[in-house]
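Beneath this line is the structure, given in structure tokens, with notes to follow.
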Amino acid sequence: MADIAATEQTPVSMLRREQRKKRYYSIGIVLPCLVLAMFALIPFLSPSYKTLDLALKIIIFASLVASFDIMLGYTGILSFGHGMFFGIGAYCVAFLNGKYGDPTYFHLFLGLLLAVAVACVLALIVSLISLRVKAIFFAMITLALAELTIVLANKLSHFTGGEDGISISLPGIFSAAFNPGSFLGLDISGRVITYYFILLACLGLFALMLRFTHSPLGRVLQAIRDNTDRAEALGYKTFYFQTLSIVLGCTVAAMTGGLYAMWVGYVNPESTLEVMAIMLNVLLMVIIGGMGTLYGGIVGAAFLLITQTFLPDLQKIAIDLFPNASLLHTILERWLLLFGILFILVVIFFPKGVVGSAREFIARARGEAFFSS
Amino acid sequence: MTETILKRWDRELVIAGVAVLFLLPLFGIPPKIYLTLTIAGLAMGMLLFLVASGVSIILGLMDVLNFAHGALFAWGAYVGFSTFKFLERWVQADSVLLNFGAFAAAIVCAMAVVAVLGMVLERVLVRRVYGNHLFQILITFGATIVLVEMIRVIWGPNDDVMAVPLTFQGNWDVFDVIIDRYRIICILIGALVFGVVQLVLKKTKLGLIVRAGVENRDMVQAMGHNIFLLFTGVFAVGAGLAALGGLAMSIFSLQVYPDMGSTYLLFAFIVVIIGGLGSVTGSLVGALIVGLSYNYVAYLVPWAAAGVNIIIMIIILLIRPKGLFTAGK
């Protein structure tokens, strides 16, 4: 006992205790709680399908981007197969609840579990093959594999449903037909229950990822990102740690894919596997939000999805304002061009993203030294 | 013992293994079809080599994974498309000379435009992020989006039919083996480019510096060579090769579309991984492997064609993690 009391008095542990006390009042904990409360209240504030859909897509993509961030921002490994893992998760749920099984709770659970298992194995194989040489290989090989998956999903149409895809029906309380009545003026339907279920699941995934990155293991990953050779020299087997991070990131991606399939009720190669489209979105989100922050995913996903939703309106306004500038119209029609330029500008001038820069600014304002994490 | 043999006969063993592998389909395919498929495979391989060699040299020398290579490839195809449109009379004429004139003009235009584009890309974007792999990939990925969207703005978002010079169409019938004319031209172009690149790399001082740079960049810089100038030059050459590949490929597949780069970039990556980073010979061998196996498998087991390259890549990576050839060779 004496020993423990003595160790608690060390300067480091005292500092830690101070920090822990402060933490509950800091912006770092208050802001996420506010955001969470907002998402929880959205069905009450605006129960229209469009808002609900947008909010839920933000939640799902925020989790997906966070899982991507574990690999990119915390470990320094770029994967172009993240969309593939997302799609695999979606397909696993769809197989068991649409094509090869009746919608039951057990099948739903099994589908998510299958998604995790498949993603785990695939991620392991890919990292075993590619990480032996160079981390660059990982980007190239995942890109190749992702393209292959799309081709397979389209070609093996008797198995995957081909381009037509698979529609999913959900069991019991998640199904659209379920309607027990209303609560506080909100019409409780299967959609709303699904919304809350997915919100909770994503919250769990997010908590898992936060725990992972803030553990000593997460520190090792950051050390590997910053200087692989030094981490190796310190005695860490970088290969194992990188593999672990990849497996976790990909597994979470598959889970979010499964949840996405639950919400959309339909999977096809175009919507869930399309490498360039999904990867472009995810990359933009993670860059805008800030690499290596996890929370950046929420900011990036919210920004991008809201912009994309209201883009047609923006185009209309622009056309009304300048009816004669045809070049402007062409460029506005190609909104991806604007996003591409934005992407390059952010990478060059704003590499920490919104959250990273905000953290740096706060730390500067307080006069603390800033360490990006 | 086996170690030393493996080391001494390294390249020969690789080549012998590859040769055996590609004679195997003779058992499953009638010889005439085998010959047709082989020529198709060689042509495809040569076209892939044009794309992959640029990626490989840039990756080997500058340590930059250039994702924008696919977009440059598509730009080459589109510039060639416009040149053909401009020289429509020459393309339609029933004269070998005029046809080749149009083809040469298209090649010069495409390579020049895209080389300039590549230089701008290197100076403006890539130079900022040397030494940081992650940001290189990100920034060239961003450049890809912008370049592809620029194609859509300039040439329109839809597919277009690529014109083919009249004498390039049709095929020869040699002892009942049907040989597409344009495929032979592709093979010749590929062989020519390989020869020129090899000659420059092996026999000139510039090539010496490039090869030395692949092995040790810092040392080359310490010897007083302006490595940044060299980088810009190599980037431009790589972009020019991509443009040539794009032009040749679009004539081969009879169409141009804005996204065409991403498909072939993927093949190029597989080729580079198989052949070994930074090796031109490796790119050639890798490209031929990919082209031939794709054609054989597409004939034997059609649904597996898309996957066979990736399977070959995985097998080769398991045996030789760094690819078939070492850098700089």
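The values are calculated or read from the model by the stated rules, or taken from the named source; none is laboratory data. Just so we're clear, the structure is a prediction, and the values are computed from it rather than from any experiment. In this analysis, Cβ positions are derived from the backbone assuming ideal geometry, glycine residues included, and neighbour counts consider all displayed protein chains. Each accessible area value is taken on the protein alone, full model and side chains, heavy atoms only, with ligands, DNA and RNA left out. Shrake-Rupley method; radii C 1.70, N 1.55, O 1.52, S 1.80 Å.
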(request) Scale the Cα Rg of segment B:189-322 by the rule-of-thumb value 2.2 N^0.38 Å and send over the ratio, two decimals. (result) 1.21
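Over 30 Å between Cα atoms: which of A:K237/B:K322; A:K22/A:K50; A:K50/A:K316; A:K155/B:K85 fall into that group? If you can, show how the numbers build up before the last one.
Details: A:K237/B:K322 20 Å; A:K22/A:K50 39 Å; A:K50/A:K316 19 Å; A:K155/B:K85 36 Å.
Over 30 Å Cα-Cα: A:K22/A:K50; A:K155/B:K85.
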(request) Give, as ranges by residue number, the residues of segment A:340-358 whose backbone N falls under 17 Å from the point 7 Å along Cα→Cβ of A:F322. (result) A:341-342
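At 222 nm, what helix-only mean residue ellipticity would chain A give, in deg cm²/dmol to the nearest 500, using -39500 (n - 2.57) for each DSSP H run of four or more? If you can, show how the numbers build up before the last one.
Working: 18 runs with 276 residues, N = 373.
Dividing the helical sum by the residues of chain A leaves -24500 deg cm²/dmol.
What translational diffusion coefficient, in µm²/s and rounded to a whole number, does the Stokes-Einstein relation yield for chain A at 20 °C and a viscosity of 1.002 mPa s, taking the hydrodynamic radius as the Kirkwood radius over Cα pairs?
Working: Rh = 22.3 Å.
The calculation lands on 96 µm²/s.
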(message) Suppose we compare each residue of segment B:264-298 in its chain alone and in the full protein complex with a 1.4 Å probe; which ones drop by at least 50 Å² of accessible area?
(response) B:L266, B:I273, B:L277
(message) Output needed: percent of Cα pairs per 5 Å distance bin for segment A:203-251, bins running from 0 to the one holding the longest distance.
(response) 5, 22, 29, 23, 12, 6, 2, 0
(request) Give the Rg (one decimal place) followed by the Dmax (whole number) of the protein assembly as shown, computed from C-alpha coordinates and expressed in Å. (result) 27.4, 100
(request) Put one equal scatterer on each alpha carbon of segment B:67-172, apply the Debye formula with no solvent term, and list log10 I(q)/I(0) at q = 0.23 1/Å to two decimals. (result) -1.16
(message) Under a crude label model (7 Å from the Cα following the beta-carbon direction), how far is A:Y196 from B:R123 in nanometres?
(response) 6.2 nm
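Per residue, how much accessible surface does segment B:220-329 expose to a 1.4 Å probe? Answer in Å², no decimals.
Numbers: 3580 Å² over 110 residues.
On a per-residue basis, 33 Å².
Which values, in whole Å and largest first, are the semi-axes of the equivalent ellipsoid of segment A:25-160 obtained as the square root of 5 times each eigenvalue of the Cα gyration tensor?
Values: eigenvalues 180, 119, 34 Å².
Three semi-axes, in Å: 30, 24, 13.
Write down the Kirkwood hydrodynamic radius of segment A:25-95, to one decimal in angstroms, obtained as one divided by the mean of 1/r over all alpha carbon pairs.
Here the Kirkwood hydrodynamic radius works out to 14.5 Å.
Give the accessible surface of segment B:91-159 per residue, rounded to a whole number of Å², with probe radius 1.4 Å and ligands, DNA and RNA excluded.
43 Å²
When the Kirkwood radius is taken over all Cα pairs of segment B:181-243, what Stokes-Einstein diffusion coefficient follows at 10 °C and 1.306 mPa s, in µm²/s?
On the way: Rh = 13.0 Å.
Once the numbers are plugged in, D ends up at 122 µm²/s.
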(message) Given Cβ point charges of +1 (Lys, Arg) and -1 (Asp, Glu) and nothing else, what value in debye, to the nearest 20, does the dipole of the protein assembly as shown about its Cα centre take?
(response) 1720 debye
(request) Using amide H atoms built 1.01 Å from N in the peptide plane, name the residues 5+ places from B:Q255, or on other chains, whose amide H lies under 5 Å from its own. (result) B:M162
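Across peptide B:307-314, how many C-beta atoms of other chains are within 10 Å of each residue C-beta, on average? Spell out each step's value before the answer.
On the way: counts 6, 0, 2, 6, 1, 0, 5, 7.
Average per residue, whole number: 3.
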(request) Based solely on C-alpha atoms, express the radius of gyration and the Dmax of chain B in angstrom. (result) 19.9, 65
(request) Taking 7 Å along the Cα-to-C-beta vector as the label spot, tell me the A:Q9-B:L188 distance in nanometres, rounded to one decimal. (result) 9.2 nm
(request) Would you please give the residues with an amide H less than 5 Å from that of A:I188, counting only those at least 5 places away or on a separate chain, with H modeled from the backbone geometry? (result) A:G181, A:S182, A:F183
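Estimate the FRET efficiency between A:I306 and A:R366 by the formula 1/(1 + (r/R0)^6), using the beta-carbon distance for r and 45 Å for R0, to the nearest 0.05. Present the calculation step by step, with values, prior to reporting the outcome.
Values: r = 31 Å, r/R0 = 0.68.
Approximately 0.90, to the nearest 0.05.
What does the convex hull of the Cα atoms come to per residue for segment B:250-308, in Å³?
Details: hull volume 5.8 nm³, N = 59.
Roughly 98 Å³ of hull volume per residue.
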(message) Please compute the modelled spin-label separation between B:V200 and A:K21, points set 7 Å along Cα→Cβ, answer in nm with one decimal.
(response) 6.9 nm
(message) Within the protein assembly as shown, what whole-number % of the accessible surface is contributed by carbon and sulfur, with the 1.4 Å probe and all protein chains included in the calculation?
(response) 69 percent
(request) Please identify every one of the chymotrypsin sites (Phe, Trp or Tyr not before Pro) in segment A:258-317 that sits in a loop by DSSP and has no more than 16 other beta carbons within 10 Å of its own beta carbon. (result) none
(message) Using only protein heavy atoms and a 1.4 Å probe, how much accessible area in total is buried between A and B, to the nearest 100 Å²?
(response) 3700 Å²
(message) Residues of segment A:150-171 that become at least 30 Å² less accessible with every protein chain present than in their own chain isolated, using 1.4 Å: which are they?
(response) A:K155
